[in-house]
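See structure below.
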Amino acid sequence: MKRIQEVIKERILVLDGAMGTMIQRHDLQEADFRKNWFENHQSSLKGNNDLLSLTRPDIIESIHRAYFDAGADIVETNTFSGTSIAQADYNLEKYAYEINFHGAQIAKKVAEEFTKKNPTKPRFVAGSMGPTNRTASISPDVNDPGFRNINFDQLVEAYKEQVKGLIDGGVDILLVETVFDTLNAKAALFAIEQSFIEMEIRVPIMVSGTITDASGRTLTGQTTEAFLISISHLPLLSVGLNCALGAKDMQPYIKTLANKSTFYISAFPNAGLPNEFGTYDETPSIMCEQLEKFLNDGLINIIGGCCGTTPEHIHAISKLASNYKPRAIDLT
């Protein structure tokens, strides 16, 4: 099977869509988040989607399969909140490794099944590493600007545990995503590099930031270019943006990355902005109309969807992307 470093030179790769959106379609109850693992756990667990890799692996497997069926080349593991830091909200810190290991195994099983069916279109698994629910750069207490409820070393320790679970489970890529605080991301990247040394293995790294509004900055105040510079010391496979914005609003910031970076460029926007009910209204055709501008301008190497996107969106995006050549990297 070709490595992703080879395939990405040949064509635009398609990432999957939203995991949470698909999980919501199942109308799950508390029992679904406890099955066979947490029957007697004292805290409420409903909504802790990462647990479903343990308690309802059938659902997670079906979601990965739906995205591969739709044409995705890469699926993300169901591990966005798979750190001990995020799981502490549910008193489940000690299950972080299991969440990542099993999440990776489920995705890898489906990827290998699809690659075997069509070896000319190899499928890959990206280990999803979310930002955690804490920020190392901003105080959560407006009355104490210097206070932090997490530090760099704590983040590194938690991320190393996540990385070990993901790599042991068989991921092909590590994806540090939805970066709203670059200091958190740098802790994740430091943890990854330490893990590579300790585990004597190396996989490609993708990083995807989040521009939160029309200011063109991350939540912690960095511009797109500053975000890029902050992480460019590592040999990344790709850098890009996801979440917060729809494709139309994301385009100028993707253009900045494409103009400034020697890495491959990824974009997986939301299906527009959330409406008053917190759902997303952009249809696959509307989203593709906006994404076509990215492709016409030759900005993209990896394209997919974030909040509100479904296999229907990814199917349309896959068909669209097949008509375009990937962004070429100029290393001169």
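No lab work stands behind these numbers, since they all come straight from the coordinates. All values derive from a computational prediction rather than experimental measurement. Quick reminder, even Gly has a Cβ in these numbers, built from the backbone with ideal geometry, and neighbours come from all protein chains shown.
Local charge sum around L295 (other residues, Cβ-Cβ under 13 Å, Lys/Arg +1, Asp/Glu -1)? Let's see the in-between values first.
Numbers: positive: R11, K255, K293, K319, K325, R327; negative: E289, E292, D297.
Net charge in that neighbourhood comes out at +3.
For R217, R123, R25, what's the fewest-to-most ordering of other Cβ within 10 Å of each Cβ?
Details: R217 17, R123 24, R25 10.
So the residues, fewest neighbours to most, are R25, R217, R123.
Please turn the phi angles of the range 206-223 into ³J(HN,Hα) values with the Karplus equation 6.51 cos²θ - 1.76 cosθ + 1.60 (θ = phi - 60°), one per residue in order, whole Hz, x for glycine and proline.
10, 10, 9, x, 10, 8, 7, 7, 5, 5, x, 10, 6, 4, 8, x, 7, 6
Loop-only check: which GluC sites (Glu not before Pro) in the range 1-89 are DSSP coil with at most 12 other Cβ within 10 angstrom? Kindly include the intermediate steps, with their values, before the conclusion.
Details: sites: E6, E10, E30, E39, E61, E76; in loops: E39.
For GluC sites (Glu not before Pro) across the range 1-89 that sit outside H, G, I, E and B with at most 12 neighbouring Cβ atoms in 10 Å, the list reads E39.
Using Cβ counts within 10 Å as a stand-in for footprinting exposure, how do E112, E276, E198 rank, fewest first? Write out the running numbers ahead of the final one.
Working: E112 15, E276 5, E198 11.
The order, fewest Cβ neighbours first, is E276, E198, E112.
Using a cut-off of 15 Å between beta-carbons, work out the net charge of the residues near A72 (Lys and Arg +1, Asp and Glu -1, A72 not included). Don't skip to the end; give the middle numbers.
Numbers: positive: R11, R65, K108, K117, K121, R123, K319; negative: D16, E61, D69, D73, E76, E112, E113, D172, E312.
Combined, the nearby Lys, Arg, Asp and Glu give -2.
Once fully extended, how much extra length lies between K293 and T223, figured as 0.36 nm per residue of separation less the alpha-carbon to alpha-carbon distance? Intermediate results must be reported in sequence, preceding the final value.
Values: separation 70, 0.36 × 70 = 25.20 nm, distance 2.21 nm.
Going from the current span to full extension adds 23.0 nm.
Counting other C-beta atoms within 10 Å, which of T182, T224, T283 has the fewest, and how do the rest follow? Display every interim value, and only then the final one.
Values: T182 25, T224 21, T283 14.
Lowest count first: T283, T224, T182.
Quick check: Cα centre of the range 150-174 to Cα centre of the range 1-76, how many Å?
Answer, in whole Å: 18.
For D153 and E112, what does the FRET efficiency come to when R0 = 35 Å and r is the distance between their Cβ atoms, rounded to the nearest 0.05?
Efficiency for this residue pair is about 0.45.
Report the full-extension gain for the segment K35 to E200: residue separation times 0.36 nm, less the Cα-Cα distance, to one decimal in nm. Provide the component values of the computation, followed by the final result.
Working: separation 165, 0.36 × 165 = 59.40 nm, distance 3.54 nm.
Length difference between fully extended and current span is 55.9 nm.
Around V179, which amide H atoms from residues at least 5 apart in sequence, or from another chain, sit under 5 Å from its own amide H, with H modelled in the peptide plane?
For V179, the qualifying residues are S208, G209, T210.
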